[in-house]
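Colleague: So that we are looking at the same thing, I have put the structure below in structure tokens.
What follows is calculated from the coordinates using simple rules that are stated; it is not laboratory data. Just so you know, these numbers come straight off a predicted model, no measurement behind them. Every residue, glycine among them, receives a Cβ derived from its backbone with ideal geometry; neighbour counts consider all protein chains shown.
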């Protein structure tokens, strides 16, 4: 069986791993700085998703210092195990309302939970003082993207065909919505 | 089973409080505090996508840049729009039980469980308050109120959260997983090992002091650390309140260091180890060095649960004298079959008779068999049989029924 290719996260101009305070983290930091200098707008590049019905895009503001995540990092964000993009920039999770397709995709592919298990998970997470609160509900993709644009650190999971200009779509394991191997659908 | 149907009917209404109970609908730029304001509204937690989207309070001026609107506010402030005060989120837990056992002199009884009001309040993006207030009755049927947890928390980053106040000591797993909620637990009660101090428990479950926790950058191992520094438990007299809420008996402080791992490749698995040290100062006896080593390996998924904990408590008197070791462990397995979850637990606590700190514990060990039935998402019925063996005393059998719920 072919070995799965290591996600590209570590080699991206700006990534979540880059902010880890480990010695190894300085290498990607330096590489990131160099790439930003060379390519100018790399740090604020806005990735536009292909209009692929069925895919769910992870959307953030362009100033979020991450361009891509591994699937495991997506899971850590959604599970509330990672709550900061970087020191001072807190993650705010925005979830579609129950019984919407985007939410179902996230629950099935990332949380691997039923609706009931998801609710219980967040009750326990807050009760154990591991999180201040659970994700916020949004009632439409449009509301989600508007809030992402307004709230620093907000991240939403919306239909990939409804991502407006000006927002950044995060890659997952190097893939954007519509790419082969994209997992949120 | 009519009463079960009645319960079903009563609890069929969607719960008001949900962890993610915010609803947002606006075409204007909004700030984080406005999002939180909507999240607080109690009638917005209905989990139906066709519920009418509520409208937000007046947002930033339509032509105002979104980022500016946020920056002009108080980012992260979860406050009441009318008063500007931080707001509180409530959740309740409680239970009612019936139990009977075959010990001489005991009567079968209905029992009120703990009435637990769990309160959180977000003061800013990095500051919050958490409290767990429990109303419960003692063995003399007198009701009392205990502030079981009170934490003022500063969340600096994923790598550092500092809390001050009263906390549950991070010894093992059970103590910080379920706190004072019977509904969250699969079984009816806590293992002997994790019993609360006022129920004859041998661990310093509660502590008052300061703690720090956070992630350790170690890739997929998912490591976390916990450092706790507090008053420790009272030891001057067996009649003393076990938790030193206001006054410490001595100037030495209890320290607890814990490390745990949640491997990314095995979601649901957690392994951990902790080291606790305190100096006890019983009256008219030499000081005692107390060391507690604890380890746990637990696996929890939606379908399967396997909990294992082992604790060794070492009491070493100063100036000589025999060192006394107490041990305790439990293992618990359960599997979910639809709304039913049968479980089995085997547990043991063994304290030397000569240990003056726990004169009444001795040996307690035995199996428990039970089943949990989730009547609704928020209500559970449990039935459990226990067999308990004791040192130099006859063993006994017990059966308990429990209705536990959150609200």
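Colleague: Using a ≥ b ≥ c from the Cα gyration tensor of the range A:100-159 (square roots of the eigenvalues), is it rounded, prolate or oblate, where a/c under 1.5 gives rounded and otherwise the larger of a/b and b/c decides, a/b for prolate?
Modeller: Cα axes put the range A:100-159 in the oblate bin.
Colleague: Okay, moving on. Once you have a ≥ b ≥ c as the square roots of the Cα gyration tensor eigenvalues for the range B:261-405, tell me rounded if a/c is under 1.5, and otherwise prolate or oblate according to whether a/b is larger than b/c.
Modeller: Oblate, because a/c is 1.5 or more while a/b does not exceed b/c.
Colleague: Just to verify a number: FRET efficiency for residue A:101 and residue B:306, C-beta to C-beta distance, R0 = 35 Å, to 0.05?
Modeller: In this case the efficiency is close to 0.50.
Colleague: Evaluate the distance, in nm, between pseudo-label points positioned 7 Å from the Cα of residue B:210 and of residue B:385 along their respective Cα→Cβ axes.
Modeller: Label-label distance for residue B:210 and residue B:385, simple model: 5.2 nm.
Colleague: Set the Förster radius R0 to 35 Å, insert the Cβ-Cβ distance between residue B:218 and residue B:124 as r into 1/(1 + (r/R0)^6), and round the FRET efficiency to 0.05.
Modeller: Approximately 0.75, to the nearest 0.05.
Colleague: If we count other beta carbons within 10 Å of each Cβ, what is the order of B:215, B:236, fewest first?
Modeller: Exposure proxy ranking, most exposed first: B:236, B:215.
Colleague: Please give the Cα centre distance for the range A:113-185 versus the range B:349-392, rounded to the nearest Å.
Modeller: Cα centres, the range A:113-185 to the range B:349-392: 42 Å.
Colleague: Further, regarding this structure: Would you mind computing, in nm to one decimal, how far apart the modelled labels at residue A:130 and residue B:227 are, each placed 7 Å from Cα along Cα→Cβ?
Modeller: Each label point lies 7 Å from its Cα, and together they span 2.2 nm.
Colleague: Once fully extended, how much extra length lies between residue B:331 and residue B:106, figured as 0.36 nm per residue of separation less the alpha-carbon to alpha-carbon distance?
Modeller: Result for the pair: 78.2 nm of gain on full extension.
Colleague: Does the range B:89-406 come out rounded, prolate or oblate, given a ≥ b ≥ c as the square roots of the eigenvalues of its C-alpha gyration tensor, rounded meaning a/c under 1.5 and, failing that, prolate meaning a/b above b/c?
Modeller: rounded
Colleague: So how far apart, in nm, are the two label points at residue B:154 and residue B:246 if each is 7 Å from Cα heading toward Cβ?
Modeller: Placing both labels 7 Å beyond Cα along the Cβ direction yields 2.7 nm.
Colleague: Going by C-beta contacts inside 10 Å, put A:122, A:85, B:340, B:154 in order with the fewest on the left.
Modeller: With the sparsest Cβ surroundings first, the list reads B:340, B:154, A:122, A:85.
Colleague: Taking each pair of distinct Cα atoms in the range B:125-248 once, what is the resulting Kirkwood hydrodynamic radius in Å?
Modeller: Taking every pair of different Cα atoms in the range B:125-248, averaging 1/r and inverting gives 16.0 Å.
Colleague: Neighbour counts of other C-beta atoms within 10 Å: give me B:345, B:103 arranged from fewest to most.
Modeller: With the sparsest Cβ surroundings first, the list reads B:103, B:345.
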